[in-house]
Amino acid sequence: MSDTSVDIVDLDVGGEGDVAALYERMREWLLGRGVIVDERTDALGGGALWLPGSGAATTVHLDPGCDMEAEGIEFVTERRVFHPGENVGTAARCPRCGCEVDLDDWVAQASEMFTEWLESPEAVDSLPCPGCGAVLRTSDWEWADGERWALGEFAIRFWTWWWPLSEDFVADLTRELGHETCVIAVRI
């Protein structure tokens with residue numbers, strides 16, 4: 001059995017104080033829009049899962065007469081490698097030169113940087129392209145047959161949420177975050 005989520009990862013926020021303030025602001029914003037209610041249950045993996053509210057249907061494109069089904073929203077407030085699980089592609093592509101790197105080779109190259117980034121707030125999210133030498137963030141790599149990866153300290157995870165999220169909702173949420181984001185459809 002598998003589960004799905006949609007992660008909206010903030011690519012720019014950093015530091016405990018900034019992450020905590022962003023969590024409070026975004027929780028209030030989602031409560032105010034009715035996307036969630038002030039009621040929680042346990043999330044898969046142990047966090048708190050905020051239950052969907054009457055405004056949850058405004059986050060997606062629904063066909064007329066279709067009911068919204070969603071498990072809830074989890075706020076991720078720690079440094080993490082966000083990956084697409086089973087939705088991973090077979091090769092990453094550099095957006096600058098088009099060089100393709102096999103998944104296993106890309107992960108081998110990225111693993112050391114991921115470990116360093118997770119352990120040190122001073123570490124930088126940077127993976128050089130073997131083709132042109134461009135230094136790219138994890139989320140900059142394109143995947144022709146899969147979802148992107150990202151490094152971040154804050155994300156909003158929509159568990160078992162109808163996909164896709166509406167472009168208007170993602171734009172509103174990104175504007176409210178005030179930072180660049182990466183949207184990842186995850187299957188685990």
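The values are calculated or read from the model by the stated rules, or taken from the named source; none is laboratory data. Remember, it's a predicted structure, so these values are computed and weren't measured experimentally. So basically every Cβ, Gly included, is an ideal-geometry build from the backbone, and we count neighbours across all protein chains shown.
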Search result, residues across the range 137-158 that are of a type in the set (A, V, I, L, M, F, W, C) and buried (at least 20 other Cβ atoms within 10 Å of the Cβ)
W141, W149, A150, L151, F154, A155, I156, F158
In the range 159-188, what residues are within 27 Å of P121 (Cβ to Cβ) and either in contact (Cβ under 8 Å) with a residue 24 or more places away in the chain or surrounded by 15 or more Cβ atoms within 10 Å (Cβ to Cβ) (or both)?
L173, T174, E176, L177, H179, E180, T181, C182, V183, I184, V186
Need pairs with beta-carbon distance below 7 Å; first residue closer than 12 Å to G152 by Cβ and within the range 7-26, second surrounded by 14 or more Cβ atoms within 10 Å (Cβ to Cβ) and aromatic (F, W, Y); sequence gap 6+ or separate chains.
D7/F82; V9/F82; D10/F154; V13/F154; V19/F154; L22/F154
What's the number of the condition L31 fails, among (1) at pLDDT 95 or above; (2) of a type outside the set (D, E, K, R); (3) surrounded by 15 or more Cβ atoms within 10 Å (Cβ to Cβ); (4) part of a loop (DSSP other than H, G, I, E, B)?
(4)
Quick one: in the range 40-85, which of the residues that are among the acidic types (D, E) and at pLDDT below 90 is surrounded by the most Cβ atoms within 10 Å (Cβ to Cβ)?
E71
Mind telling me which of the residues I36, I8 ends up being of a type in the set (A, V, I, L, M, F, W, C) and within 15 Å of the chain's Cα centre (by Cα)?
I8
If you scan the range 1-28, which residues turn out to be at pLDDT 95 or above, over 21 Å from D125 (Cβ atoms) and touching a Phe, Trp or Tyr at 6+ places or on another chain (Cβ under 8 Å)?
M26, R27
